[in-house]
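Presented below is the structure to which this report refers.
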Amino acid sequence: MEWHVWDFPDNIRVYFDSDFRELLYKKLIKICKTRIEIARRLGTSKETIRRGLFLGRTYISIKLIKNVIKVFGEQLGNEFLEEIEKGIISFRSWNGWNVENPIFPIKECSELYSVAFHLLGDGNASVRHSPFYSNKCKELIEEFIEKLQFIGNVENRIEQRDDGLLKVYFPKGVSDILSHILETRFTFPDSLPERIFYSSDECKIAAIKAFIDDEGSISNSFCITQKSSNLKSY
């Protein structure tokens with residue numbers, strides 16, 4: 001299983017390298033003749049085309065990329081469309097930090113599920129704030145940061161509270177993409193990602209380990225505690 005940039009939520013924005021951006025713009029101009037016509041066909045503004053594709057001064061929304069594929073895909077050709085992901089040098093959500101040198105397409109892997117299930121456990125990814133994962137165990141924090149890199153060079157920042165709790169903040173684009181492709185939410189979750197039940201044993205083990213690391217405890221018996229009482233499986 002793998003996910004391409006056109007499988008991402010519309011709030012994700014991407015930045016192309018200069019060579020690909022110029023090539024895409026020239027091809028669209030050849031088809032449409034003017035920026036106004038490109039904008040009209042894509043349902044956006046002339047300024048968006050000018051700044052995003054012609055000048056390369058702004059990030060371009062995934063929604064626009066989806067429209068490029070929908071409207072011009074046949075004329076651009078399959079081989080050219082395959083180059084879209086190779087031309088992306090960074091991405092971000094509508095706010096928050098960038099992820100540099102992203103790895104596309106995103107492949108189903110143990111690291112992906114480890115990050116996702118840590119967010120379901122001791123993580124937080126509310127709508128208008130930077131997502132974070134918290135734990136008092138330094139080793140788990142370091143492991144989480146390492147696994148975040150499955151999607152590219154992911155910037156992060158660690159903060160420590162007076163009680164020793166560590167929080168690692170990371171780009172909102174990562175949690176937004178995971179929430180979208182796994183069809184689950186990390187704030188007040190009500191279900192586990194259905195996809196985990198069809199994944200490899202390696203992925204299942206990573207998910208279970210992450211969840212137990214955060215929510216499990218051992219005394220006279222072993223138990224897992226979760227605040228979301230309505231959390232269900234499939």
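At a glance:
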| item | result |
| --- | --- |
| In the range 1-36, the residues that are part of a loop (DSSP other than H, G, I, E, B), crowded, with 16+ Cβ neighbours inside 10 Å and either aromatic (Phe, Trp, Tyr) or at positive phi (or both) | Phe8 |
| From the options Ile65, Ile89, residue that is assigned to a strand (DSSP E or B), touching a residue at least 24 places away in the same chain (Cβ under 8 Å) and not basic (Lys, Arg) | Ile89 |
| Residue among Phe197, Phe186 that alone is under 14 Å from Gly121 (Cβ atoms), outside the structural domain of Arg13 (by TED's automatic domain parsing) and modelled with pLDDT of 55 or more | Phe186 |
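So that you can scan it fast, the table gives a plain yes or no per residue for (1) touching a helix residue (DSSP H, G or I) at 6+ places or on another chain (Cβ under 9 Å); (2) of a type in the set (Lys, Arg):
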position	(1), (2)
Arg40	yes, yes
Arg50	yes, yes
Glu74	no, no
Glu111	yes, no
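The values are calculated or read from the model by the stated rules, or taken from the named source; none is laboratory data. All figures in this text were calculated on a predicted structure; none of them were measured in a lab. No Cβ is skipped: glycine too gets one built from the backbone with ideal geometry, and neighbour counts run over all protein chains shown.
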